[in-house]
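To start, the structure under review is shown below, and the notes come after it.
The values are calculated or read from the model by the stated rules, or taken from the named source; none is laboratory data. Given the structure is predicted, the values throughout are model-derived calculations rather than measurements. All Cβ positions, glycine included, derive from the backbone under ideal geometry; neighbour counts span all protein chains shown. To get the accessible areas, we keep the full protein, side chains included, count just its heavy atoms, and leave off ligands, DNA and RNA. Shrake-Rupley method; radii C 1.70, N 1.55, O 1.52, S 1.80 Å.
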Amino acid sequence: MPTPAQLLENNRRWAESVARDDADFFPTLAAQQQPGFFWIGCADSRVPANQIVGLAPGEVFVHRNVANLVVHTDLNCLSALQYAVEVLQVGHVIVCGHYGCGGVCAAWEGARFGLIDNWLRHIEDVAERHMDVLRPLEPRHAQNRLCELNVIEQVRNVARTTIVQDAWGRGQELAIHGWIYALDDGRLRDLEVTVSALGEIDQRAQAAVRALSD
Ligand code: CO
């Protein structure tokens with residue numbers, strides 16, 4: 001494992017090499033950011049937003065927490081969403097989960113870790129909502145399905161915020177996407193739950209859940 005001093009050294013080399021390739025890169029970014037995407041992902045160290053979609057600094061506004069949850073009263077996530085939608089005017093919000101998510105597995109198994117159990121209760125709520133889909137599955141399969149269902153439910157939660165509903169009400173073009181990442185091959189999959197208008201939310205979510213069961 002590298003030391004913190006090595007990280008600072010890595011940074012110096014990286015900044016020098018970026019500036020060598022494009023002298024305007026940092027001055028341009030320092031003046032403003034104009035990302036087209038807002039990413040809501042898991043805090044898991046193996047799912048770095050920019051890297052897995054090939055985006056440079058300045059191209060994606062990122063919020064990450066344990067198990068990529070969008071909780072109705074989480075001012076941290078909602079503030080980032082509001083800034084992304086109203087100030088940065090992103091056109092796309094991407095909720096990205098991943099298979100093998102420790103938070104999802106802990107919630108499914110009812111494991112106890114302390115304070116975080118209260119956060120993970122939101123995933124247990126998702127599981128309870130979809131128990132008819134999950135109950136017949138083998139444990140590992142059920143955990144992966146719950147990772148997918150959790151993304152679909154968080155897309156619904158984003159779409160139901162006042163922030164997104166007001167944006168659609170103003171006629172702002174904004175699409176909410178649900179993707180899932182596989183740690184074992186580095187591939188993203190679109191769960192095809194994309195919502196871009198108020199009336200679509202439940203229908204798109206139900207169709208995406210049905211598609212999982214096929
Ligand atoms: Co995770």
Check your understanding: Given the options GLN51, GLN33, GLN89, which has the most mean-square fluctuation in a GNM of the chain, springs set between C-alpha atoms less than 10 angstrom apart?
Key -> GLN51
Point to revise | Bridge type composition, the chain - antiparallel percent by DSSP, nearest 5 | key: 20
Review point. When the dipole is taken about the Cα centre of the chain, and only Lys, Arg (+1) and Asp, Glu (-1) are charged at their Cβ, what size is it in debye, to the nearest 20?
Key: 220
**Study point:** the chain - accessible surface per residue (Å², probe 1.4 Å)
**Key:** 55
Check your understanding: For the Cα atoms of the chain, what angle does the longest principal axis make with the long axis of helix 4-21, in degrees from 0 to 90, nearest 10?
Key -> 70
Check your understanding: Which peptide among 152-165, 91-104 comes first, and what is the full order, when sorted by highest mean count of other Cβ atoms within 10 Å?
Key -> 91-104, 152-165
Review point. In whole percent, what relative contact order does the stretch 1-156 give with Cα contacts below 8 Å and a gap of six or more residues?
Key: 21
Check your understanding: Counting only protein heavy atoms and using a 1.4 Å probe, what share of the accessible area of the chain belongs to carbon plus sulfur, as a whole percent?
Key -> 51
Practice item. Can you tell me which of 199-205, 130-136, 175-181 comes out highest on packing, and rank the rest after it, using the mean Cβ neighbours within 10 Å? Key: 175-181, 199-205, 130-136
Check your understanding: Using a Gaussian network model of the chain with C-alpha springs under 10 Å, which one of SER196, SER45, SER17 is most mobile by mean-square fluctuation?
Key -> SER17
Review point. How high is the FRET efficiency between ASP125 and ALA197 when r is their beta carbon distance and R₀ equals 22 Å, given to the nearest 0.05?
Key: 0.30
**Study point:** the stretch 134-168-the stretch 80-121 distance, computed between alpha-carbon centres (Å)
**Key:** 10
Exercise for review: Calculate the radius of gyration of the Cα atoms of the stretch 165-208 to one decimal place, then report Dmax, the largest Cα-Cα distance, as a whole number, both in Å.
Suggested key: 13.1, 41
Practice item. Take the Cα coordinates of the stretch 66-133, assign each an equal point scatterer, and use the Debye formula without solvent to give log10 I(q)/I(0) at q = 0.11, 0.12, 0.13 Å⁻¹. Key: -0.34, -0.40, -0.46
Check your understanding: Net charge near TYR181, counting Lys/Arg +1 and Asp/Glu -1 over other residues with Cβ under 14 Å of its Cβ?
Key -> -1
Review point. For the stretch 13-66 and the stretch 192-214, what is the separation of their C-alpha centers, rounded to whole Å?
Key: 30
Review point. How many percent of the alpha carbon pairs in the chain exceed a separation of 30 Å?
Key: 28
Review point. Of ALA142, ALA106, ALA31, which has the largest mean-square fluctuation in a 10 Å C-alpha GNM of the chain?
Key: ALA31
